[in-house]
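Working notes, beginning with the structure itself.
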Amino acid sequence: MNGAARPGDATLPLLAARSVAVYALSLHAAASALLAWSRADAGMLALAAAGLAIAQVAGESFGGAVDSGLEGTSRLRLRITFATAYGGLVVLALTAAVGSGEPRLIGQETMVFTVLQAAFLLLADLGRSQLGPVANALVLVVLASLGGGVVAAAAVVGGLALLGFFLALDHAARVLQAYPAGPAALLAATLRRAAASLAPIVIGLTVLFFVSPPAPLAQVRLPASSGPRDEDVSAAYRRLVVFGLAGSGLIFAAVRLLRRDRGARSTLEEALPLERGTEEALPEPPPLVRPDYQGRRGRIVRAYVSVLARARETGFRSRPSQTPRDIAMQLPAPPGPLGTLTELFVGARYGPDEPSEEQVVAAERAGHAVAAGLGRTKRV
Amino acid sequence: MNRARTAVYRRFLYAFLGFAGLLGLALRVEALAALALGGFALLFLAWRQGRGGMARLAVSREVYPSAFEGDTVPVSIALDNRSRRTSWLVEVRDSFGPAVADRQALLEPGPLRGARRRRLVYRTACSRPWGVYTVGPLVLSTSDPFGLFHEERLVPAVEPFAVFPRVWPVAGIEKLGARPSLSPQELTVPRPGQSLAYMGVRDFRPGDDMRRIHWPATARRGAPAVKEHEVDLVPYFTLFVDLDRAHRAGTGLKSTLEYLVRTSACLVWTAAGRGDLVQVLGEGARSLEVPPGSGTLHATQVLYELIRVQQEGRVGLLDLVDHHRMHLPAGSTAMLLAGTIFLDLARLDETLGALQSRGVRPVVVLVNKDTFLPIDRRAVPREEAAAQADAVTTLLRARGVPGAILAADQDLETELGRADLLEASR
């Protein structure tokens, strides 16, 4: 379906936020890799931010036109061919980077993958999912992490966090797109849920990197004075934040204005508009009242229940559908006392007559014997 | 939602994080190993949240179990969140058999707080023709916040749903038997009978019930006098439906079964609507016997029985009428709905005569099966069919029996709505 954007649709803010997330992930990964392996001055960062933003806006707005002439099978063939070629390129680049350990080569690879990132953003809609930009961004994160230090740590932590936000926004947007337009405002809730899930991971990684700063790849032959200074890195990240915010604002506004809905659903399934009722409180379930067995019946039942509790401690599990006799057949315990206890329990629990004192004593004695036997016997 | 796309991200992350982790361990690059660790932690969290999100959700459906063709039906889905956590983006798929689409998909975007229920109502049309369909099962699905793990649960809430044929008023039926009335209990005529309506007093005749003696009048006149009451004339309508398998012809909307069921439904609905006591009799694969009753609820019961009939019987219409005619009350109307015009005319004449002699007013509607696509036997030549139609018409006219012949090329709604449909002269 290639329809116009639906007015009042709650999907549009989510789509715009998703575009911002994928842009932020792209920019963060590219900037980290550039910072790690080349002289990423303000001009280069600005160029990367602007180039990626333009590619993102163009891809979101006009990307659908690229594949409009392609049949499903042609598109699939194109995607498989492209994915194979790209995978080969990634393996070749990483092998060359790791094998040579030459910073200049890795820097050049970084530039290539940064340009590829822009290309992926431009053609994001060709694959109907944003796997291309995500995969390439993660390759850039890998390249950045080879350099070690603060940049690698920031690349990994920021990359994972932005990936998480992107996935959450993408999921919410795709679900909403598959249904008729509604007033559900999910942007804040989606961000909140993603943040709550990502927080422990981000905090854990930050602590890990703080305790043990990541070292660069051992094979890399870094000249003694070539590494970026901490001041340069912090200045670069400040610039990156400014460029990123500007680019994100541009993308958010542009996508909301230009985005066309491309949601689709099987023709066999109709997505229906809903009348949503107000929330009602569920009735409280009735409290579980355990039967209280008094007198001699109670003593026999308690002897049996304590044996079951002891059996559970040793790993024995019974199903609610099992009768006492079923349990007795499976319980790894001395069969004589167990049989006596089971029969006395059945009589006390379900029988019409009050058990005698002798039966109670016999049950308690059998219970002790079974419990002692369970202690020695492992579950079969 | 397209689950394949969700799986694409998840599979990519498995492959990529595995590769990054191996690379990090092999090259002793802590950042890469940490990237893999963090990524797998994200996947694990997502998996747990996906499983947990579904655990205590419950769904149930409420729908009135019948409707007419083309009606829009509201279906209410109750979504219960029995956990403490708030649920988001819960998808429910239902399968409403009478609709054209196989599945109906609904989204509860959330928030649905813990220990709360939300009712979702969707409306869908009964687009398929009359019959008994199923509604359900329900499928409940949720995902983790990242959409990586999709959980689905099938709820076997399958219920039958009856779609009744669309009914049109049969104009000619008003002229048969009693007049239309809002209250069938008031329908009487001022001639002696057994109703509760008091008409007057007359002289005692031999055979009169002693309990009916009007003692004050007897004392006044010096001769026995009895109270007279008006006769009950609650309209009584009996429909005999021909379900003989020998009269099957046509397919789908143009078949004798379709015409018989639709015509029966229209007749019953119209008769019930004016307050008649209605009973329906037929012999298909199983007996169709709906005892006399009145009101919309009874008519609905008749429709429910009608949509389940099959034209698989081996008892002819005239045999069926002969079997039941002794039980028809005087003054009632008996509608004979045949699947063919090739009835044995002598027997038809005899049956109509027997009914009329009992004070029952017969009406005959014939569906000309030879105008439908033949299924298991050849159609009768057109000339022969025309001659038979003339013979039947002549017989009905001679007996003064209202009747009509329906053919495949006629629009049923138009034909049944004609004021002169049930006139003997047609």
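What follows draws every value from the coordinates through simple rules; no lab data is involved. Since the structure is predicted, the reported quantities are computational estimates derived from the model, not experimental observations. When we count neighbours, we look across all protein chains shown, and the Cβ atoms used for this are built from the backbone with ideal geometry, even at glycine.
Among rounded, prolate and oblate, which fits segment B:3-52 when a ≥ b ≥ c are the square roots of the eigenvalues of its C-alpha gyration tensor, a/c under 1.5 means rounded, and a/b larger than b/c means prolate? Judged from the Cα gyration tensor, segment B:3-52 comes out oblate (a/c at least 1.5, b/c at or above a/b).
A simple charge model with +1 on the Cβ of Lys and Arg, -1 on the Cβ of Asp and Glu and nothing else charged puts the dipole of chain B at about 2000 debye relative to its Cα centre.
Using the count of nearby Cβ atoms within 10 Å as a rough guide to exposure, how do A:Ser19, A:Ser145 rank from fewest to most?
Ascending number of Cβ neighbours within 10 Å: A:Ser19, A:Ser145.
The residue among A:Leu162, B:Leu239, B:Gly38 whose Cα reaches farthest toward the positive pole of the charge dipole of the protein assembly as shown, with charges on the beta-carbon of Lys, Arg, Asp and Glu, is B:Gly38. Could you tell me how many degrees, from 0 to 90 and to the nearest 10, lie between the Cα long axis of helix B:256-273 and the main elongation axis, the longest principal axis, of the Cα atoms of chain B? The helix B:256-273 is inclined about 70 degrees to chain B. Annotation note: trypsin sites (Lys or Arg not before Pro) in segment A:303-364 located in DSSP loop regions with a Cβ neighbour count of at most 15 within 10 Å are A:Arg317. What do you get for the angle between helix B:296-306 and the principal long axis of chain B? Use alpha-carbon atoms, 0 to 90 degrees, nearest ten. Its long axis makes an angle of about 80 degrees. Only Cα pairs within less than 10 Å get springs; with that Gaussian network setup on chain B, which residue of B:Phe342, B:Phe161, B:Phe146 has the largest fluctuation? Answer for the Gaussian network model of chain B: B:Phe146. In nm, to one decimal, how far is the modelled label at B:Asp71 from the one at B:Arg84, with both set 7 Å along Cα→Cβ? Modelled inter-label distance: 4.6 nm.
When the Gaussian network model of chain B links Cα atoms closer than 10 Å, the mean-square fluctuations of B:Gly282, B:Gly207, B:Gly403 top out at B:Gly207. If you take the Cα centroid of segment B:244-312 and the Cα centroid of segment B:142-158, the two points sit 44 Å apart. Ordered by the count of other Cβ atoms within 10 Å of each Cβ, fewest first, A:His171, B:His214 give B:His214, A:His171. Net charge dipole, segment A:11-258: roughly 300 debye, given to the nearest 20, about the Cα centre with Cβ charges of +1 for Lys and Arg and -1 for Asp and Glu. As a rough footprinting exposure proxy, the listed residues B:Trp215, B:Trp88, B:Trp47, A:Trp37 were ranked by other beta carbons within 10 Å of their own, and the order from fewest upward is B:Trp215, B:Trp47, B:Trp88, A:Trp37. Dipole check for segment A:295-376: with +1 at the C-beta of Lys and Arg, -1 at the C-beta of Asp and Glu, and the Cα centre as origin, the magnitude is about 360 Debye. In this simple spin-label approximation, A:Ala218 and A:Thr278 carry label points 7 Å from Cα along the Cα→Cβ vector, and these lie 6.8 nm apart. Does segment A:103-177 come out rounded, prolate or oblate by the C-alpha gyration tensor, with a ≥ b ≥ c the root eigenvalues, rounded set by a/c under 1.5 and, if not, prolate when a/b is larger than b/c and oblate if not? Oblate shape, in that a/c is at least 1.5 and b/c is the bigger or equal ratio. Once both labels are positioned 7 Å from their Cα atoms along Cα-to-Cβ, the gap between B:His323 and A:Ser234 label points is 10.0 nm. Taking amide hydrogens as placed 1.01 Å from N in the peptide plane, the amide H of B:Leu138 sits under 5 Å from those of B:Val155, B:Ala157, each at least 5 positions away in sequence or on another chain. Taking the DSSP bridge list for the protein assembly as shown and keeping only pairs wholly inside it, about 70 percent are antiparallel. Please give the FRET efficiency for A:Gln108 paired with A:Leu257, using the beta carbon to beta carbon distance and R0 = 60 Å, rounded to the nearest 0.05. E between A:Gln108 and A:Leu257, to the nearest 0.05, is 0.95.
For chain A, the longest principal axis of the alpha carbon atoms and the long axis of helix A:11-37 meet at an angle near 70°.
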